Amino acid sequence: ANALDEVAVGKIFLAKGRPSDNPLIVHLADRRKIEEVAQNITEMEQILIDEFMPGPFTIILERKPIVPDIVTAGLDTVAVRIPENIIAKGIITFSGCPIAAPSANISGKPSGTAVEDIFEDFKDKVDCFIDTGRIKDALESTVVRVIDGVPTILRPGKITEEQIKEAVGCVNKQ
């Protein structure tokens, strides 16, 4: 959904049965778009962005007021990701807006890795499906927030603790 459209984003929560206190990730087409939804990016955050985006990496940044509360669960931060997938990047680019997009699953269930895995759960809840083929490596994106100048892994994923430490010299896990 358009991440700046509260009504559209609300439909994500309804379709997934997702609790409203669970923020969504805002997907962007490229790094130049980050400043449309986030502000006051620190030097450490910028290094992480440059090193791991695009890719399976989500960074928590200070949000701009343009991002609705429904996307961030009322927090003063926004989760930002730039996917590598050419189809996802094309959709985001073509839409002309930041896209709020969670994993393709009903909340509490495992994420699907192919359209066949999710069709039954969502056939009456979404307008269309985009089949990009089976996902080979279904590991989630690594979610990181810089706290007191140190990257902190909030959700482990494909980008490892070792990779982050190699890039910036330090890392914490929560």
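The values are calculated or read from the model by the stated rules, or taken from the named source; none is laboratory data. Everything numeric here is computed off the predicted structure, so don't read it as measured data. In this analysis, Cβ positions are derived from the backbone assuming ideal geometry, glycine residues included, and neighbour counts consider all displayed protein chains. Accessible surface areas use protein heavy atoms only, side chains included; no ligands, DNA or RNA. Shrake-Rupley method; radii C 1.70, N 1.55, O 1.52, S 1.80 Å.
Just a few scattered comments:
- Search result, residues across the stretch 1-25 that are closer than 12 Å to residue 68 by Cα, open to solvent by 20 Å² or more (accessible area, probe 1.4 Å) and outside any helix (DSSP H, G or I): 2, 4, 5, 23
- Checked against (1) in contact with a Ser or Thr (Cβ under 6 Å, 6 or more places away or on another chain); (2) open to solvent by less than 80 Å² (accessible area, probe 1.4 Å); (3) at pLDDT below 95, residue 134 passes all but condition (2).
- Residues in the stretch 119-132 that are in a loop (DSSP other than H, G, I, E, B) and either touching a helix residue (DSSP H, G or I) at 6+ places or on another chain (Cβ under 9 Å) or closer than 19 Å to residue 109 by Cβ (or both): 123, 124, 125, 126, 129, 130, 131, 132.
- Counting the residues of the stretch 137-168 that are open to solvent by less than 50 Å² (accessible area, probe 1.4 Å) and either out of contact with any strand residue (DSSP E or B) (no Cβ under 9 Å at 6 or more places or on another chain) or small (Gly, Ala, Ser) (or both) gives 4.
- Some residue of the stretch 36-56 being of a type in the set (D, E, K, R) and part of a loop (DSSP other than H, G, I, E, B): no
- Tally, over the stretch 71-117, of residues that are crowded, with 16+ Cβ neighbours inside 10 Å, in a helix (DSSP H, G or I) and modelled with pLDDT of 85 or more: 6
- Close contacts from the stretch 120-140, counting a first residue that is touching a residue at least 60 places away in the same chain (Cβ under 8 Å) and a second that is open to solvent by 100 Å² or more (accessible area, probe 1.4 Å) and part of a helix (DSSP H, G or I), with Cβ to Cβ under 8 Å and a gap of 6+ residues or different chains, come to 125/14.
- For the stretch 137-165, the set of residues classified as of a type in the set (A, V, I, L, M, F, W, C), at pLDDT 85 or above and not in a strand (DSSP E or B) consists of 159, 164, listed by residue number.
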